[in-house]
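One structure below.
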Amino acid sequence: MASSGSPAVDAPLVVRLDGVSKHFVVRREKSLKERLVNFGRSRRHREDFTALTGVGFEIPVGQTVGLVGHNGSGKSTLLKVIGGIIAPDAGVVERRGRIAALLELGAGFHPDLTGRENVYLNGSVLGLSRNQIDEFFQSIVDFSEIGEFIDTQVKFYSSGMYVRLAFAVAVHVDPDVLLVDEVLAVGDEPFQRKCMDKIRQFQSEGRTIVIVSHSSDQIADVCDRVIVLNHGHVVFDGETGPGLEALAASFHTPPPGPAPEEQP
Amino acid sequence: MTDIARLRADRIAALPFERVEPTAGIAQGTSHALRQLWRYRELQGLLVRRELKARYKDSSLGFIWSFIRPVMLLLIYYFAIGYFLQAQRSIPVFGIFVFAGLVLWGLYSDILVAGTMSILTNAGLIKKVSLPREIFPLASAGSAFVNFLIQCAVLIAAVLVFGQMTFTWDVLYVFPAVLLVMVYGTAFAILLSALNVYLRDIQYLVEVVMLMLFWTSPIVYSYRMVADVIGGTWLEAVYLANPITVAILSFQRAVWLPSPSVQSQLTEMGIDPSTMHPADLDVRILVLLIVGLLLLWVSHRTFLRLQGNFAQEI
């Protein structure tokens, strides 16, 4: 399965990262009062946290890349940097084609609006035009199996219905690059199978996919390539099998460079 | 590789690379941001509609509440201040006068209060989806504008009932008045929404400052009364430097001053109607508009600078 989506050797690149670093300053106080009270001692009230250090790689068209690492290794931050949700402090992120980030199903769903209104809102958030949503609408409703409840406010939906509708909108976005963060871990067994089928269909259509997941089985199942992160450094980049071994090893090795502070 | 895949690869190979964070020149960054905003104009419309729909969610009267509040305000100011405090004696047709000011003020304060909160209230989207984030304060401005139009319907009805409006070209002063409020309101909303992410006190500060600004604008009293007290001093210059003051003065000039009953009552009181606003109103409008557009640009640039860290700071 893993080799089916392998791109040709001369495939063009879609995502290019070079020397990307991201470093957070976590301030403990947010209000004016707290800042005034702690004025002058503010050093003590900030925490520096390095999420990414000098990350660089290239992704060719049609590849499915798994980003893995333990909690706090920077993989979700990296995905957000690729998606343009977080700006890097240093380094270059370049990409082309239409990017869709599935970091959360139903981002932007408003509980007081009906399913139909939310399909338009969410589709628009994900970059579809009104005409495209009109065109896909029936197919979205069919895929979600929501049926007549499409005109009910989504706050009355069960969590399963909510997720199905959100996923149905997401898969109708026609992305060249799809960024996926853990969203495949939701829903029941048949729904998860539906998700995986859709991912395979996307692969056969030559779409590039970047997945963040904690499930080694899932990564082994769909990915052509694995990038292992450890405390913001890329410690492995290559084939899936050795990659997952490197991941297992990274749980036991101390982080490279100076020890970072506790993650908030 | 399937055919679909090959076509996709060929299409992508022909596209230029885009940098995620354009660090190009100042003007280039702005034009890039404007193109992005244009691309998301449909979403903008949907967000405005979402704000309007969610405002009176689940209430049976729904949108009628948008009328009830201004009508109540109109009645309170008309009777309590117009008659009991006898403002009617120095400002004829006081109901229309005060309501015109209130409606325009409402637009400004809606944009600022909702706009300042807009980034925080849309935290879910900002943390998860890559979008031009300016659309959130802009959507607040859009929904405030729709609300303003509804209140204008009440105003027009009131003008027709009380004021016996006759047509003059002065009615065109409506446009610079609304434009001034939109430009300054949006500029401050964009700037404050970004600052509010880093310093949450801004939202409370805005409420207090708005309370003060309300009374430093000629809404429940006339410019004439101000000119009588501080006319010709540097204080008057400061007073007229407030863009909202100038916007309200030109709004009153458009919808209140041309009414024949206002004109005749003012003449009876021995007041020249043209002294109800400063003589150089046109110049002031023009200067403030230019300054406002500059301010809008500066606050947009600041917003673009600050937005890189929104996703972590929220």
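Just so it is clear, none of the values below were taken in a lab; they were calculated from the coordinates. Quick caveat, the model's predicted, so the values are computed rather than measured. Cβ: placed from backbone, ideal geometry, glycine included. Neighbour counts: every protein chain shown.
Can you give me the angle between helix B:202-215 and the longest principal axis of chain B, using Cα atoms only, in degrees from 0 to 90, rounded to the nearest 10? Between the helix axis and the principal axis of chain B, the angle is about 20 degrees.
Note: relative contact order over chain B, using C-alpha pairs below 8 Å and six or more positions apart, is 24 percent. Which of these, B:Arg89, B:Arg35, B:Arg50, has the largest mean-square fluctuation under a Gaussian network model of chain B (Cα springs below 10 Å)? Most flexible of the set in this elastic network: B:Arg35. Springs join every pair of Cα atoms under 10 Å in this Gaussian network model of chain B, and among B:Val183, B:Val209, B:Val298 the largest mean-square fluctuation is at B:Val209.
Given R0 = 51 Å, the distance between the Cβ atoms of A:Glu145 and B:Arg11 translates into a calculated FRET efficiency of 0.95.
Determine the shielding of peptide B:2-14 by partner chains: average, over its residues, the number of Cβ atoms on other chains within 10 angstrom of each Cβ. Could you put the intermediate results ahead of the total?
Values: counts 5, 2, 4, 11, 5, 2, 10, 12, 3, 6, 14, 7, 2.
Mean shielding count: 6.
To the nearest ten degrees, helix B:135-158 and the longest principal axis of the Cα atoms of chain B are 30 degrees apart.
Determine the shape class of the range B:33-105: with a ≥ b ≥ c the square roots of the Cα gyration tensor eigenvalues, call it rounded for a/c under 1.5, and otherwise prolate if a/b is greater than b/c, oblate otherwise. Oblate, because a/c is 1.5 or more while a/b does not exceed b/c. Legend: mean number of C-beta atoms from other chains within 10 angstrom of residue C-beta atoms, peptide B:169-175, equals 0.
Label-to-label distance, B:Ala279 versus B:Thr2, with points set 7 angstrom from Cα along the beta-carbon direction: 7.8 nm. Can you give the angle from 0 to 90° between the axis of helix B:281-306 and the longest principal axis of chain B, with both taken from C-alpha atoms, to the nearest 10? In chain B, helix B:281-306 runs at an angle near 30 degrees to the longest axis.
Partner shielding of B:120-127 amounts to 3, given as the average count of beta-carbon atoms from other chains within 10 Å of each residue beta-carbon. In the Gaussian network model of chain B, springs joining C-alpha atoms below 10 Å, which of B:Leu104, B:Leu160, B:Leu266 carries the largest mean-square fluctuation? Its mean-square fluctuation being the largest, the pick is B:Leu160. When each of B:Phe79, A:Phe137 is scored by the number of other beta-carbon atoms lying within 10 Å, the sequence from fewest to most is B:Phe79, A:Phe137.
By the beta-carbon count within 10 Å of each Cβ, the least crowded to most crowded order of B:Trp297, B:Trp169, fewest first, is B:Trp169, B:Trp297.
Here r is the Cβ-Cβ distance between A:Arg130 and B:Trp169 and R0 is 41 Å; the resulting FRET efficiency, rounded to 0.05, is 0.55. The Cα center of the range A:43-86 and the Cα center of the range A:117-154 differ in position by 31 Å.
Under 18 Å from a point placed 7 Å out from the Cα of A:Glu58 along the Cα-to-Cβ direction: which residues of the range A:206-249 have their backbone N that close? In the range A:206-249, the label zone of A:Glu58 (backbone N under 18 Å from the point 7 Å along Cα→Cβ) covers A:208-209, A:225-227, A:237-239. A cut-off under 9 angstrom between Cβ atoms defines the neighbours of A:Leu121, and their net charge, with Lys, Arg +1 and Asp, Glu -1, is +1.
Every helix of 4 or more DSSP H residues in chain B counts as -39500 (n - 2.57), and over all residues that averages to -22500 deg cm²/dmol at 222 nm.
For the pair the range B:258-310 and the range B:56-71, the centres of their Cα atoms are 30 angstrom apart. Each peptide in A:103-112, B:59-68 was scored by the mean count of other Cβ atoms within 10 Å over its residues; highest first, the order is A:103-112, B:59-68. For the pair B:Ser60 and B:Leu179, label points projected 7 Å from Cα toward Cβ lie 4.6 nm apart. Neighbour counts of C-beta atoms inside 10 Å place A:His252, A:His172, B:His277 in the sequence A:His252, A:His172, B:His277, starting with the fewest.
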